[in-house]
Each structure stands twice: as C-alpha cells, then as structure tokens.
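Colleague: Have a look at this one.
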Amino acid sequence: MSNPIKAVPVRHPGRWLAGAVILVLAAMLAHSLVTNENFHWDVVGKYLTASNVLNGLKNTLILTVLSMAIGIVGGILLAVMRLSANPLLSWTAAAYIWLFRGTPVITQLLFWFFLAALYPRLGLGIPFGPTFLSVDTNSLIAPFTAALLGLGLNEAAYMAEIVRGGILSVDHGQTEAAEALGMSRAKILRRIVLPQAMRVIIPPTGNETISMLKTTSLVIVIAYFELMTAVQQIYSRNFQTIPLLIVAAIWYLLLTSILTVVQGRIEKHFARGVATR
Amino acid sequence: MTELMVKAEGVHKSFGRTEVLKGIDLEVRPGEVMCVIGPSGSGKSTLLRCVNHLEKINAGRLWVDGELVGYTQKGDKLYELRDREVARKRQEIGMVFQRFNLFPHMTAVENVMEAPVQVKRESRAEARDHAMRLLTQVGLADKTGSYPSQLSGGQQQRVAIARALAMRPKLMLFDEPTSALDPELVGDVLAVMRQLAADGMTMVVVTHEMGFAREVGDSLVFMDGGVVVEQGSPREVIAAPQHERTRSFLAKVL
Ligand SMILES: Nc1ncnc2c1ncn2[C@@H]1O[C@H](COP(=O)(O)OP(=O)(O)O)[C@@H](O)[C@H]1O
Ligand SMILES: [Mg+2]
C-alpha cells in the first residue's frame, strides 16, 4: 500500500445517457401524478382506510396466510410421499400434483363451492359401513371454507414440487452421515435435510406467497370478498375507478414490500454456515 | 465368536447384476486396528457400508460384536431388522467419510452434539460438555463455534471424528479419511487416529497411507475385485507380498 495506484477510470457514457433519460421520464411521471386531476388523490385518501376496504384487506391477509400454511404443510407431505420408496405413496402424490396443477385454480374454487351438488351430505364413519356423523355439505362448505380448500390444495401441488427440488438439492452424503450416527428417518428429514433444503425452497416460496396475495382476488367467483372485491364494489357505485384501483395497488404494494423484507430475513437465517465462506 | 468385534463369513453384495463383494472372510478382534487397501472399485467402501448396516448383504453372514448385521436369527430362520433396530445398531459404530459430510448449517460443537441430543436424548448441557472435551482432544478447542465452511479440510475431518466419537462407539470405520486432504493437513488427522488406536479403539481403516498402516495397523488386508487377496501383519505384507496383484498395487502406492 506504499504506492497506491492512480489511474483514470474507464468512462461509461452509455450509463450516463441511460440515467439521464430515466430521470427525465421519472420527473414527467411524478409531475403528471401530482397535476393530473383524474387521479383524485383526495378520493384515494378517503378510501384508503375505509372500513369496507380494511375488511377486504383483512380477508386477503387471512386467506393468504391460511392458504399458504395449507400449501406448505401439504407440499412437504406430498414431496416426502413423492420421494418415498413406497410406490403407492409416490404414485398418489404424483397423481395429486398432476390433477391440481393441471386444472385452473378458478375451476377448483368453483368445484369446492358446488361440492354440495355432488355430495349433498358428508358423513364420518367406517368405509362402506355405518355412518356415525352426517352433516349438510352446504353448511360445512361455506364460501370461506371453499376458498381455503381451493387455494390451499392447489398451492400444495406447486409447493410439493418446490420442496422436492429443495430436498433433492441436498448432498446425499448428509443423509448417509446422519444415518451412520443412528438418526431416524424423520429426524434426518427434520434436522438435517430440510434445514439445508430451505435455502433452495424459500425464494420460490416467497414468489408463491406474493402471487397468492393477488390470486386470492379470484374468490369473487364464489361470492367471498377480499381487498379487490371491496374496491370493485365501491367503484361500481361511485365510478371512481382509477382512484380505487390505486387504493388496492397501494395496499398490495405495501404487503408485498413487507413480505420481501421478511423473506430476506428468513433467507439470511437459513444461509448460516454458507454465506460466511 | 463373542471375542471378535467383526466377523465376516462369505459375505456377498451385489448392486443389480454387478457383484461387488464376492465372498469376504474377515476377523477383527477388539482393540485391533485393521487397515484395508486395494485399487479403486475393489469394494472397500461397500464392505465398510455393509458393516455399518448402510447396505444389506445378499449372502454370507456378518457379525458385529457377536450380533448379526441386518437380521436376527430365531431357530434357523432369519428375520430382517426393522429401521429402528438398524438405527440403534448404527449408534454403536462410528463412521468417518472421505468427504467429511459435516452438517454445514451447524457449528463444530453443534455437529458433535447433534446425535447425542437427538438420538440418545442426552441433555444439551451434558452433550455440550462432552463435545467440548472431544473437540479439545482432536486439537480444535478454539474452533468449536466455527461453521464447517470456515474450517480447513483437516479441521473438518477432525470434527467429523469427534462427531462419531460422541456416540461412544465400540467400533470406528474410516473410509479414506485423508484422501480428500491437502498433503500438509494429512498429518494432523493421522495423529488423532493414532491416538485413538493407542487408547484401544477397534478400528477398520481404508487408507492409502502405507506409513500409517505399517506403524499403527495390527493387520493389513489387500482387496481386489471384491475379494480379499491377501492379509497378514502389515510389515510382512508390505515387505514380502505373496501375490502378484498385491505386489503390483504396492509398487504403485509406495
Ligand atoms: N450404490 C451403488 N450402486 C451401484 N453400484 C455401486 C454402488 N456402490 C458401489 N458400486 C460399485 O461397486 C464397486 C465397488 O465400489 P466401492 O466399494 O466404492 O469401491 P472402493 O471403495 O474400493 O473404491 C464399484 O464398481 C462401484 O461402481
Ligand atoms: Mg471407496
């Protein structure tokens, strides 16, 4: 370090030009956002925290969290079945994934909602034997339940493939070393393989969660309501379409930003022992 | 019978149609250090994996500490062991791999504590104490909080040895423990193994370190093509090999 190098850095005129163009465009956008009256920022402000909107937001959150929970737990289960040496389990999982990934989620939502038409009563009992408990399907599968089943079970099929990829990414020597120590299969999965698979599983799971946040708006087809439905109901009455879409966009962006931060934290946690290389 | 730690009688092992072990006979006494040498693909790793219940043998009999590996015998009938019983037997045998296979998401001390806590249900405090003592024993008292990625190959392999010892095994299997190491790191690992042998541990060591085999080994086995070609005291086998195949192999590694 006795003689630090002094050199003329390479010039990047292209970068400067691109930067200037983007700055001008951003300034134009900001200017129009503020000056164009059609955005009606006063309306946006008024509805941003309206009780209907907040109710919708609450439902969006509940549906996203619960559907993802079903998706993740189901996905892990399906992935383990898919990788099992038992051909029956492996085939069952493959068939499930084929069915649920192969049909549109909107079809599945409607299917669960109209399940009552197929099976008017659902019962609990011995297969092909007596039934102990029987309930009216319509009373059990309310729009909320149908929404959860539709979104969650579909998500499980996608999560299964993500988890399976994660498990396969872990070096087989890890399983072998754990086996040699006398660990049981369940322990090896939980303590050794899954924690390492997480590094591969989490980024796509973040994508899935963000995508689920927006997919929940499909539940409008089964007469359930969330954020998007709430703003649609409002603008169909007052015709302030753009301001209300902005209200929805602001909330979605806020939630997505929070999720991105959370995802970063989780990724950091599971990168321990690796990032320090 | 019971005085032997490992006894193999006509052990065969095939993967699909390829027969990898073609009738292995071996005896390892308690406290003995047996070194196994032989060309790549001769079945050395497979033999160790059979001893540790990681592979099922197809024919013959294999005993560890007087108990059949993989089966129980009632009358003249053999019954396959359940997963849980196999796992229990593996606890008593330590294994060290060529590529270390440390758990990368755990620190050195966590690697060593993992099996005692999860498998033997030792308390964390007790397991940590023991792990600290073992890591000190292998010369890594100052690295207990390091992740494997922060350790050199030689240090990782010594953690791996401590991890296996934490289960208080009665038999240690080493599969080319120094083959993946830079030459200047081999000595530290061999020193730990030497000390272990001096403390009376029964060891089966697959290695190409002929110096170690000669000085530490009580017996030397030369394998080729899935059979034991020659065995005897290390000095005799190395100095005066009886078979042509042994001679040409030794000429390459010495
Ligand atoms: N799981 C397996 N499936 C198929 N073949 C295998 C398997 N494990 C080992 N083999 C084969 O068995 C032979 C002996 O392998 P191995 O025991 O690893 O030899 P060594 O350790 O002496 O180099 C090799 O030809 C190898 O390809
Ligand atoms: Mg080998």
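Colleague: Quick check on my filter: what residues within region B:156-185 are within 16 Å of ligand 1 (Cβ to nearest atom) and away from chain A (no Cβ under 11 Å)?
Modeller: Listed by number, the residues that qualify are B:Phe174, B:Glu176, B:Pro177, B:Thr178, B:Ser179, B:Ala180.
Colleague: If you don't mind, there's one more thing I want to ask. Residue check: is A:Ala197 part of a helix (DSSP H, G or I) and at pLDDT 95 or above?
Modeller: yes
Colleague: Tell me which residues, restricted to region B:57-79, are acidic (Asp, Glu) and in a loop (DSSP other than H, G, I, E, B).
Modeller: B:Asp65, B:Asp76
Colleague: Looking at region B:12-63, which of the residues that are basic (Lys, Arg) and under 21 Å from B:Leu171 (Cα atoms) is surrounded by the most Cβ atoms within 10 Å (Cβ to Cβ)?
Modeller: B:Lys44
Colleague: Let me ask something additional. Just to be sure before I move on: is B:Gln157 of a type in the set (S, T, N, Q), closer than 26 Å to B:Met106 by Cβ and open to solvent by 10 Å² or more (accessible area, probe 1.4 Å) in the structure I sent?
Modeller: When the stated conditions are applied, B:Gln157 does not pass them.
Colleague: Taking B:Arg90 as the residue in question, decide whether it is among the charged types (D, E, K, R) and closer than 30 Å to B:Asp224 by Cβ.
Modeller: Yes; evaluated as a whole, the condition is true for this residue.
Conditions (1) polar (S, T, N, Q); (2) under 32 Å from the mean Cα position of the chain (by Cα), marked per residue:
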residue	(1), (2)
A:Pro4	no, no
A:Pro9	no, no
A:His12	no, no
A:Leu17	no, no
A:Ala20	no, no
A:Val24	no, no
A:Ser32	yes, no
A:Phe39	no, yes
A:Tyr47	no, yes
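Colleague: If you don't mind, there's one more thing I want to ask. Does region A:91-107 hold any residues that are open to solvent by 20 Å² or more (accessible area, probe 1.4 Å) and not β-branched (Val, Ile, Thr), and which are they?
Modeller: A:Trp91, A:Ala94, A:Ala95, A:Tyr96, A:Trp98, A:Leu99, A:Phe100, A:Arg101, A:Gly102, A:Pro104
Colleague: A further question on this structure: Quickly run through region A:25-75 and pick out the residues that are open to solvent by 70 Å² or more (accessible area, probe 1.4 Å) and not in a helix (DSSP H, G or I).
Modeller: A:Thr49
Colleague: Which ones in region B:79-100 are out of contact with any strand residue (DSSP E or B) (no Cβ under 8 Å at 6 or more places or on another chain) and at the interface with chain A (Cβ under 8 Å from one of its Cβ atoms)?
Modeller: Once the filter is applied, which keeps residues that are out of contact with any strand residue (DSSP E or B) (no Cβ under 8 Å at 6 or more places or on another chain) and at the interface with chain A (Cβ under 8 Å from one of its Cβ atoms), region B:79-100 yields B:Asp83, B:Arg84, B:Ala87, B:Arg88, B:Arg90, B:Gln91, B:Arg99.
Colleague: Among residues belonging to region A:162-175 that are part of a helix (DSSP H, G or I) and crowded, with 18+ Cβ neighbours inside 10 Å, point out the one that is nearest to the other protein chains (Cβ to nearest Cβ).
Modeller: The extreme case among them is A:Gln174.
Colleague: Could you tell me which residue of region B:80-125 is nearest to B:Ala162 (Cα to Cα), considering only residues that are assigned to a helix (DSSP H, G or I) and modelled with pLDDT under 95?
Modeller: B:Arg90
Colleague: Within region A:222-277, track down each residue that is without any contact (Cβ under 8 Å) to a residue 60 or more places away in the chain and of a type in the set (Ser, Thr, Tyr).
Modeller: Answer for region A:222-277, where residues must be without any contact (Cβ under 8 Å) to a residue 60 or more places away in the chain and of a type in the set (Ser, Thr, Tyr): A:Tyr235, A:Ser236, A:Thr241, A:Tyr252, A:Thr256, A:Ser257, A:Thr260, A:Thr276.
Colleague: Which of the residues spanning region A:240-277 are within 14 Å of another protein chain (Cβ to nearest Cβ), assigned to a helix (DSSP H, G or I) and open to solvent by 50 Å² or more (accessible area, probe 1.4 Å)?
Modeller: Scanning region A:240-277 gives A:Ile266, A:Glu267, A:Lys268, A:His269.
Colleague: If you don't mind, another one. Which residues, counting only those in region B:72-107, are of a type in the set (Ser, Thr, Tyr) and either in contact (Cβ under 8 Å) with a residue 60 or more places away in the chain or crowded, with 16+ Cβ neighbours inside 10 Å (or both)?
Modeller: Scanning region B:72-107 gives a single hit, B:Thr107.
Colleague: Is region B:62-78 home to any residue that is within 16 Å of ligand 1 (Cβ to nearest atom) and away from every other protein chain (no Cβ under 14 Å)?
Modeller: Yes: one or more hits.
Colleague: Applying the selection to region B:212-226, what residues are open to solvent by less than 30 Å² (accessible area, probe 1.4 Å) and outside any loop (DSSP other than H, G, I, E, B)?
Modeller: B:Phe212, B:Ala213, B:Val216, B:Ser219, B:Leu220, B:Val221, B:Phe222, B:Met223
Colleague: Moving on to the next point. Looking only at residues in region B:42-61 that are more than 14 Å from chain A (Cβ to nearest Cβ) and at pLDDT 95 or above, which one is nearest to B:Ser233 (Cα to Cα)?
Modeller: Of everything passing the filter in region B:42-61, B:Lys44 is nearest to B:Ser233 (Cα to Cα).
Colleague: Another question, then. For region A:213-228, how many residues meet the condition of being open to solvent by 10 Å² or more (accessible area, probe 1.4 Å) and of a type outside the set (Lys, Arg)?
Modeller: Residues in region A:213-228 being open to solvent by 10 Å² or more (accessible area, probe 1.4 Å) and of a type outside the set (Lys, Arg): 9 in total.
Colleague: In the list B:Arg49, B:Arg61, which residue meets the criterion of being away from ligand 2 (no atom under 16 Å from the Cβ) and out of contact with any Cys (no Cβ under 8 Å at 6 or more places or on another chain)?
Modeller: Only one candidate qualifies: B:Arg61.
Colleague: Hey, among B:Arg17, B:Arg99, B:Arg90, which residue is basic (Lys, Arg) and more than 16 Å from ligand 1 (Cβ to nearest atom)?
Modeller: Selected residue: B:Arg90, the only one of B:Arg17, B:Arg99, B:Arg90 that is basic (Lys, Arg) and more than 16 Å from ligand 1 (Cβ to nearest atom).
Colleague: Another one. Being within 15 Å of the chain's Cα centre (by Cα) and on the phi < 0 side of the Ramachandran plot narrows it down to one of B:Asn52, B:Asn58, B:Asn111, so name that one.
Modeller: B:Asn52
Colleague: Consider B:Val96 against the criteria (1) away from ligand 2 (no atom under 16 Å from the Cβ); (2) under 27 Å from B:Val117 (Cα atoms): it satisfies all of them except one. Which criterion is unmet?
Modeller: B:Val96 satisfies every listed condition except (1).
The values are calculated or read from the model by the stated rules, or taken from the named source; none is laboratory data. Everything quoted here is computed from the prediction, not taken from an experiment. Neighbour counts are summed over all protein chains in view; Cβ atoms, including those assigned to glycine, are modelled from backbone coordinates with ideal geometry. Side chains are part of the model used for accessible areas, which takes the heavy atoms of the whole protein and leaves out ligands, DNA and RNA. Shrake-Rupley method; radii C 1.70, N 1.55, O 1.52, S 1.80 Å.
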